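**Q** My questions will all concern the structure given below.
Bear in mind that the values in this text are calculations on the coordinates, not laboratory data. Since this is a predicted model, take the numbers as computed values, not measurements. Glycine gets a Cβ as well: all are built from the backbone with ideal geometry, and neighbour counts include every protein chain shown.
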Amino acid sequence: MLQAAMQHKGVRLIVLGWTGFIAENVIVSEHRAELVAMLGSEKIYKAAYASLSTAACAATLWGYGAYGHRQGPRVKPAGHATRLAIVALQALGAAGLVHQYAPKLNLPLQLSKATIPQTNNNQSSNQPSSQHSIQPASGSSWNWSIACPIDFAYEKKQHTGLLGLQRITRHPQLFSLAFLSLGAALASPFLTARLLFTFPAVFAVIGGAHQDRRFVRDGKWSQEFIDKTSLIPFVALVDGRQQWSVLWNELKHVNIGVGAVGAIVFAFFRKSPSA
């Protein structure tokens, strides 16, 4: 079956392009110092690196655009369980991307709890009751307040130890795109599209592991950070190296909701993958 699939030009070009892109990123960046010395300058190195990346991407896009878009070998169409997986994967991916690349979003109308000063019974009986809050006997008050829907200064106000999505994976950008792409892969009945959109997940694992090694070597990340986090999403949370409660307190909840709901709405209006 694999041999028959590789006879299709679109399949060959997509596999060749993605494989070349991953290999080029790992090998060339790993031997950067030696290549700069051999080529004579950083400028020539960057030009060669960019040329190889462009050639690999061009092969992939040519294979899909000319020979793979809604054509090529067919695979088993998605069933009901697979369609649920598609929505879940793309909701995860979209939530991650909106969390990372959009400023912090807030609900414009917020309900907050505040403690009110305790007073004696005589004073309390002479005070008019508030018309703008709910005051239980425990001495607390629930108040409605209006907030700016976009907080552009949120990142500046956070402390340096904030990890956010890195408590899920050290590479949230790569894996958010991977989740989104895997959903798109499962939604297509064509092998060409499945290959095109599956390779970002392969790149997330291989490229992420390569970045881990390089960042530790270059001093950007400590070995302690590597030990307390995980490459594969959610592993550090499941095995106890990270805490769910800490992650929850560091998330942009509205951003995640907007991304996830957007993916679900898109899935609702998307044409059936079996078409």
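**Q** Would you work out which of 81, 16, 63 lies farthest towards the positive end of the dipole of region 1-89? Charges go on Cβ: Lys and Arg +1, Asp and Glu -1.
**A** 81
**Q** A further question on this structure: Within straight cross-link reach of residue 104, meaning Cα distance under 12 Å, which aspartates and glutamates are found once same-chain residues fewer than 8 apart are removed?
**A** Of all the aspartates and glutamates, those that pass the test against residue 104 - Cα under 12 Å, at least 8 places apart if same chain - are 151, 155, 250.
**Q** While we're on this one: Among 102, 161, 145, which residue has its Cα furthest toward the positive end of the charge dipole of the chain, with +1 on Lys/Arg Cβ and -1 on Asp/Glu Cβ?
**A** Among 102, 161, 145, the one farthest towards the positive end of the dipole of the chain is 102.
**Q** On to the next question. With all distinct Cα pairs included, what does the Kirkwood hydrodynamic radius of region 1-73 come out to in Å, to one decimal, could you say?
**A** Answer for region 1-73: a Kirkwood hydrodynamic radius of 13.4 Å.
**Q** Given +1 on the Cβ of Lys and Arg, -1 on the Cβ of Asp and Glu, and no further charges, what dipole in debye does region 1-73 carry about its Cα centre, rounded to the nearest 20?
**A** Dipole size: approximately 300 debye.
**Q** If a helix is a whole DSSP H run, which ones in the chain reach 15 Å or further along their own axis (Cα) and hold a mean Kyte-Doolittle hydropathy of at least 0.5? List each step's numbers first, then the result.
**A** On the way: long enough: 9-30 (31 Å, 0.91); 42-67 (37 Å, 0.30); 80-101 (32 Å, 0.83); 172-187 (23 Å, 1.54); 191-218 (39 Å, 0.41); 253-269 (24 Å, 1.86).
Helices passing the filter in the chain: 9-30, 80-101, 172-187, 253-269.
**Q** Right, here's the next one. Find which of 33, 199, 187 sits farthest along the positive direction of the dipole of the chain, computed with +1 on the beta-carbon of Lys and Arg, -1 on that of Asp and Glu, about the Cα centre.
**A** It is 187.
**Q** Taking 1 over the mean of 1/r across every pair of different Cα atoms in region 149-244, what Kirkwood radius in Å do you get? Please report the intermediate quantities before stating the final value.
**A** Values: mean 1/r = 0.0663 Å⁻¹.
By the Kirkwood definition, the hydrodynamic radius is 15.1 Å.
**Q** Where the only charges are on Cβ atoms (+1 Lys, Arg; -1 Asp, Glu), what is the dipole of the chain about its Cα centre, to the nearest 20 debye?
**A** On the way: 25 positive and 12 negative charges, 147 e Å.
The calculated dipole for the chain is roughly 700 debye.
**Q** Right, here's the next one. Got the relative contact order for the chain handy, in percent, Cα pairs under 8 Å and 6 or more residues apart?
**A** Here the relative contact order equals 27 percent.
**Q** Quick one: compute the contact order of region 1-73, relative version, from alpha carbon pairs under 8 angstrom and 6+ residues apart, as a percent.
**A** It rounds to 55 percent for region 1-73.
**Q** Within the set of other residues whose C-beta is less than 15 Å from the C-beta of residue 94, count the net charge using Lys and Arg as +1 and Asp and Glu as -1.
**A** It works out to a net charge of +2.
**Q** State the Kirkwood hydrodynamic radius of the chain in Å, one decimal place, computed from all pairs of distinct Cα atoms.
**A** 22.6
**Q** Grab the DSSP H runs of the chain that are 4 residues or longer, score each as -39,500 (n - 2.57), total them, divide by all residues and round the 222 nm result to the nearest 500 deg cm²/dmol.
**A** Numbers: 13 runs with 170 residues, N = 275.
So the helix-based figure for the chain works out to -19500 deg cm²/dmol.
**Q** Return the distance in nm (one decimal) between the two label points of a simple spin-label model at residue 157 and residue 202, each offset 7 Å from Cα along Cα→Cβ.
**A** 4.5
**Q** Suppose the chain between residue 37 and residue 88 were pulled fully straight at 0.36 nm per residue; how much longer would it get relative to their current alpha carbon spacing?
**A** 13.7 nm
**Q** Provide the gained length on full extension for the span residue 109 to residue 216, in nm with one decimal, where the gain is 0.36 nm per separating residue minus the Cα-Cα distance.
**A** Result for the pair: 34.1 nm of gain on full extension.
**Q** Please find the FRET efficiency linking residue 61 to residue 2, where r is the Cβ-Cβ separation and R0 is fixed at 30 Å, and quote it to the nearest 0.05.
**A** The computed FRET efficiency comes out at 0.85.
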